[in-house]
Amino acid sequence: MISFVILHYLVSADTRKCIDSILALPDTSDYSIVVVDNHSDNGSFEEIKKIYSHNTNVYMIANKHNEGFARGNNVGYSFSRDTLDADTIVVINNDCFIDQSDFIIRLRDICKQGYDLIGPDIVNIKDNKHQSPTNPPADYKKDYSHYSKLLTIYRALPNFAAQVFYDYVEKPRSARAKEDSHKILRQTNVQLHGACLIFANQFVKNEEIAFNPNTFLYLEEDLLFQYCMRNDYSIVFDPDIKVKHNASSSTNARHSGFKKRRINNLQHLKHSASIVIDEISRYGRY
């Protein structure tokens, strides 16, 4: 059985669009949707529960605290694996949607090939760029230092200057994933984008959780890639399956002021980078 895990936080319109896009897919006789609310406090989860209360294939789980991306999605993954007995688990951002009518048919064909972690072609609807696979940093320690410096700068900047600094100084230097023509080709054992990750075969059989639980936000896919490589799980990026992504809408909903939002993001990036650095120091890097 295929289970779709959607982590909800604040933005009900995005979550509804994601759910509806899955429900609209044909050939969904053997599927489930698990919506995990990350302790939204604006009534959006109650709204979603009411809308889909009639659908027995849609399950709702409410976290008592905001657990972040990794631990929040782990709740849905574990429920899908252990309670619903799913053998394929699609962890998809609530700001993503699927408009490929044969998505499930294509996914099942890929799963039959034995891959343990599958990444679809993820297209950012804001600029039509292909987001997966990603290019991991050459030096996480350098990134950690860079985030620390940026935090110092943003904290010192007045509110009106933060957006200007980002647009004209930080953003041009921070493009991590490049738009390369090879991205639309199938690739194996590459780092996938975290907006949609599909766990299958040996990973689901062996692993009780999907993500390293020590991060709150960011670099989950970096840690997952390292974990899969050192544990001999096979990874594939396959553009035969496609997902659309409206990036960062839930993060933006909580932090409406740009300066606050950027500081929040950088704090999480810095913490997550420290986790990756620790993992690499223990196990080496692939």
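Just checking, does segment 61-81 include any residue being closer than 12 Å to Thr15 by Cα, surrounded by 16 or more Cβ atoms within 10 Å (Cβ to Cβ) and of a type in the set (A, V, I, L, M)?
Within segment 61-81, the subset closer than 12 Å to Thr15 by Cα is none.
No, the conditions are met nowhere in segment 61-81.
Give me the residue from segment 3-45 that is polar (S, T, N, Q) and free of Cβ contacts under 8 Å to residues at least 60 places away in the same chain and, out of that set, surrounded by the fewest Cβ atoms within 10 Å (Cβ to Cβ). Before the answer, list the steps.
Our first condition is that a residue be polar (S, T, N, Q); within segment 3-45, this holds for 3, 12, 15, 21, 28-29, 32, 38, 40, 42, 44.
After this cut, where a residue has to be free of Cβ contacts under 8 Å to residues at least 60 places away in the same chain as well, the list is 12, 29, 32, 38, 40, 42, 44.
Numbers: Ser12: 18, Ser29: 8, Ser32: 22, Asn38: 22, Ser40: 23, Asn42: 13, Ser44: 21.
Checking each candidate, the answer is Ser29.
Count, please, the residues in segment 71-90 that happen to be hydrophobic (A, V, I, L, M, F, W, C) and farther than 17 Å from Asp30 by Cα. Talk me through it step by step, then tell me what you get.
So in segment 71-90, the residues hydrophobic (A, V, I, L, M, F, W, C) come out as 75, 79, 84, 86, 89-90.
In the following step, the residues that additionally are farther than 17 Å from Asp30 by Cα were identified as 75.
Residues that pass the stated criteria total 1.
List pairs: first residue in segment 121-136 and in a strand (DSSP E or B), second residue hydroxyl-bearing (Ser, Thr, Tyr) and crowded, with 19+ Cβ neighbours inside 10 Å anywhere in the structure, Cβ distance under 7 angstrom, at least six positions apart or on different chains.
Close Cβ pairs satisfying both conditions: Asp121/Ser132; Ile122/Ser132.
Looking at Lys183, is it at pLDDT below 95 and in contact with a strand residue (DSSP E or B) (Cβ under 7 Å, 6 or more places away or on another chain)? Let's see the steps before the verdict.
Numbers: at pLDDT below 95: yes; in contact with a strand residue (DSSP E or B) (Cβ under 7 Å, 6 or more places away or on another chain): yes.
So Lys183 fits the description; yes.
Please specify each residue of segment 191-212 satisfying the condition of being surrounded by fewer than 17 Cβ atoms within 10 Å (Cβ to Cβ) and in a loop (DSSP other than H, G, I, E, B).
The answer is Glu208, Ile209.
Working carefully through the options Ile241, Ile263, Ile198, find the one that is modelled with pLDDT of 95 or more, under 28 Å from Asn74 (Cα atoms) and not assigned by TED's automatic domain parsing to the domain that holds His39. Full working, then the answer.
On the way: Ile241 fails: not assigned by TED's automatic domain parsing to the domain that holds His39; Ile198 fails: not assigned by TED's automatic domain parsing to the domain that holds His39.
Exactly one of Ile241, Ile263, Ile198 is modelled with pLDDT of 95 or more, under 28 Å from Asn74 (Cα atoms) and not assigned by TED's automatic domain parsing to the domain that holds His39, namely Ile263.
With the condition kept exactly as written, say whether any residue in segment 99-121 is in contact with a Cys (Cβ under 6 Å, 6 or more places away or on another chain) and under 20 Å from Val5 (Cα atoms).
If we filter segment 99-121 for residues that are in contact with a Cys (Cβ under 6 Å, 6 or more places away or on another chain), which is where we start, we get 117, 120.
So of that shortlist, the ones also under 20 Å from Val5 (Cα atoms) come out as 117, 120.
Yes, segment 99-121 contains at least one residue that is in contact with a Cys (Cβ under 6 Å, 6 or more places away or on another chain) and under 20 Å from Val5 (Cα atoms).
Being in a loop (DSSP other than H, G, I, E, B) and modelled with pLDDT of 90 or more is the filter; apply it to segment 146-179 and report the residue that is nearest to His271 (Cα to Cα).
Kept after step one, since they are in a loop (DSSP other than H, G, I, E, B), are these residues of segment 146-179: 157-158, 174-179.
Retained after the next criterion (residues that are modelled with pLDDT of 90 or more): 157-158.
Numbers: Leu157: 22, Pro158: 24 Å.
Residue satisfying both the conditions and the ranking: Leu157.
Which of the numbered conditions does Val123 fail, given that it passes all the others? Conditions: (1) over 30 Å from Arg106 (Cα atoms); (2) at pLDDT 95 or above; (3) among the hydrophobic types (A, V, I, L, M, F, W, C).
That leaves (1) as the condition not met.
For Leu151, all conditions in the list (1) hydrophobic (A, V, I, L, M, F, W, C); (2) surrounded by 19 or more Cβ atoms within 10 Å (Cβ to Cβ); (3) in the same structural domain as Lys171 (by TED's automatic domain parsing) hold save one; what is the number of the exception?
For Leu151, the failing item is (2).
The values are calculated or read from the model by the stated rules, or taken from the named source; none is laboratory data. Since the model is a prediction, treat every value here as computed from it, not as a measurement. In this analysis, Cβ positions are derived from the backbone assuming ideal geometry, glycine residues included, and neighbour counts consider all displayed protein chains.
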